[in-house]
Amino acid sequence: MKSPILSSAALLLAVVGSAPAMAADFYLFNNSPSGTVTLTVNGAGSINAFQTGWFDSNGSHFNGWSNYLTGSVTSWGSTTEYRSFFSFFPTGTVTSASLTIGNALADGYSNATGRPLELTLYDVTSSIVSLQQYNGARGIFDDLGSGTVLGKITVNGAASGYTIDLNQAGVDAVNAAYSGVGPFTVGARLNASAVPEPATWAMLLGGFALMGGRSVRGGSGRRSATPERRSVRLSAAWRLTARRAWRVPSPTPRYG
């Protein structure tokens, strides 16, 4: 009889091998502005953004547009990424801060990747004057999605707004802007969560094959396990192999 483990491994290999290349749309804040973009400080005070906008991966931007579309959109066979920015004038020193970004429930969210989305905030070194220019600003696009991470959330679905708590680097950036009597500007970048690397799949399949070989060899010359015990052993072995492949520390497995 064919080993169920080897059959499962073959099925997994077929699924992985047939997975299409990913060029699916995913975005937030389409049809923005919707609601308000606010910086909540010290758990109470609220500061509205005085400037919002986006730059795309071609460096394009339109001064005066407050739309802050963020994500990746494919049209006419070409994929364009959009990164957004939000500027505030701090009114004092803070010990905590969070950014709330309004989102349109009607077509404000899209995710065709089937994976969770990660919205990450970055520090911005570009000046306000630079952020207001029209086109050819590929360097600003890069600036909006790189550098020091100020906060991050996982987005699992549509909502009327998303709130991101600033980490200590973000709080420090707000205070630095206040001390320098200048604006605090944050960039936003949206990514689909990572998928396992080919080496990880190889480790998983190798574990399947190893367990299948042991199952076949162990079937002769001794009493076979009951279906219940065999199920427990296979389930435990699968969990152990998956944990090793993902490199997540795990306790010594117990089989019962």
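The values are calculated or read from the model by the stated rules, or taken from the named source; none is laboratory data. Keep in mind it's a predicted model, so treat the numbers as computed, not measured. Every residue, glycine among them, receives a Cβ derived from its backbone with ideal geometry; neighbour counts consider all protein chains shown. When the accessible area is computed, the model is the full protein with side chains, heavy atoms only, and any ligands, DNA or RNA have been set aside. Shrake-Rupley method; radii C 1.70, N 1.55, O 1.52, S 1.80 Å.
Here are some notes:
- The one condition in (1) surrounded by 14 or more Cβ atoms within 10 Å (Cβ to Cβ); (2) touching a strand residue (DSSP E or B) at 6+ places or on another chain (Cβ under 7 Å); (3) modelled with pLDDT under 95 that Ile47 fails to fulfil: (3)
- In segment 51-85, residue surrounded by the most Cβ atoms within 10 Å (Cβ to Cβ) [restricted to those that are among the aromatic types (Phe, Trp, Tyr) and within 16 Å of Ser130 (Cα to Cα)]: Phe55
- Residue in segment 157-170 that is in contact with a helix residue (DSSP H, G or I) (Cβ under 7 Å, 6 or more places away or on another chain) and without any contact (Cβ under 8 Å) to a residue 40 or more places away in the chain present: no
- Val124 being under 14 Å from the mean Cα position of the chain (by Cα) and open to solvent by less than 40 Å² (accessible area, probe 1.4 Å): no
- Selection of segment 112-142 for residues being at pLDDT 90 or above and touching a Pro at 6+ places or on another chain (Cβ under 9 Å) yields an empty set.
- Per-region count, segment 134-151, residues surrounded by 15 or more Cβ atoms within 10 Å (Cβ to Cβ) and either out of contact with any Gly (no Cβ under 9 Å at 6 or more places or on another chain) or assigned to a helix (DSSP H, G or I) (or both): 5
- Residue match in segment 18-26 (condition: open to solvent by less than 70 Å² (accessible area, probe 1.4 Å), under 20 Å from Gln132 (Cα atoms) and modelled with pLDDT of 85 or more): no
- Verdict on Ala159 being open to solvent by less than 60 Å² (accessible area, probe 1.4 Å) and in a helix (DSSP H, G or I): no
- Taking first residues from segment 68-92 that are over 21 Å from Ala104 (Cα atoms) and partners that are open to solvent by 10 Å² or more (accessible area, probe 1.4 Å) and β-branched (Val, Ile, Thr), the Cβ contacts under 6 Å between residues at least 6 apart in sequence or on separate chains come to Phe88/Ile47.
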